[in-house]
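Read-outs throughout are calculated quantities, based only on the coordinates presented, and are distinct from any laboratory measurement. From a predicted model like this one, the values you see are computed outputs, not experimental measurements. Cβ: placed from backbone, ideal geometry, glycine included. Neighbour counts: every protein chain shown.
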Amino acid sequence: MIEFITLYDIFYNNPKFWTNLGWWIQIIGGSGTFVTLFVFWLQLRYDRKKKKKDELQRIHKSCNAILKEIDDHKNAFNNLEPSEHFRDIQGIKYGNRVLNTNVYDSILHSGLFTHFESKTQNSLSNLYNRINQRNKMLDYLHRYRDIFFFYDNSIYRERLWIKKERIYAKDINILENEIKDLIERVEILIKTELP
């Protein structure tokens, strides 16, 4: 019982103890708050760095994918010999193959397109607008050809078809020349965009 009274006197009746204890409680509480805020700040900093790193990786992958697609387009125009994929209509050569735009569409709709510089964005847009125009013309030409020869497959119809196809071949040839020029420019611009 004596020990209890002594402890009671020391802790409860001693104002100096409570003043010192309050001071220690404030120090512990303040340092706890500081540690909590510091850990929170470190977590935010880590998250920002990770997000930026992930974004740079996505941009890098997108640039590589678009370069691969552009390289595929470039290869489509290398062989200009008349074959299944190339036609020669009275001296006008044009590719008969529809060019793929999946990578560009994916980058455009994912929002990564906005990370490119405006010059690169304009060049890419111009290139793929020309590719889409060319693809639509080829699609129209194929459908029109099927309808044109539906009832009659004579030599006269074949000659008439060549005259009509020549009009489209000129436009497709012009688009292909523009696409070739734009491919060279875009390839250089995309390589500068690589992080």
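Note on the stretch 29-193: Kirkwood hydrodynamic radius from all Cα pairs is 19.2 Å, rounded to one decimal. Sorting TYR168, TYR151, TYR140 from the fewest to the most surrounding beta carbons within 10 angstrom yields TYR151, TYR140, TYR168.
Of VAL39, VAL98, VAL186, VAL103, the sequence from fewest to most neighbouring Cβ atoms within 10 angstrom is VAL39, VAL98, VAL103, VAL186. Pairs exceeding a 27 Å alpha-carbon distance, out of LYS93/LYS136; LYS49/LYS191; LYS136/LYS191: LYS136/LYS191. Length, then width, then depth: along the principal axes, the Cα atoms of the stretch 142-195 run 58, 17, 11 Å.
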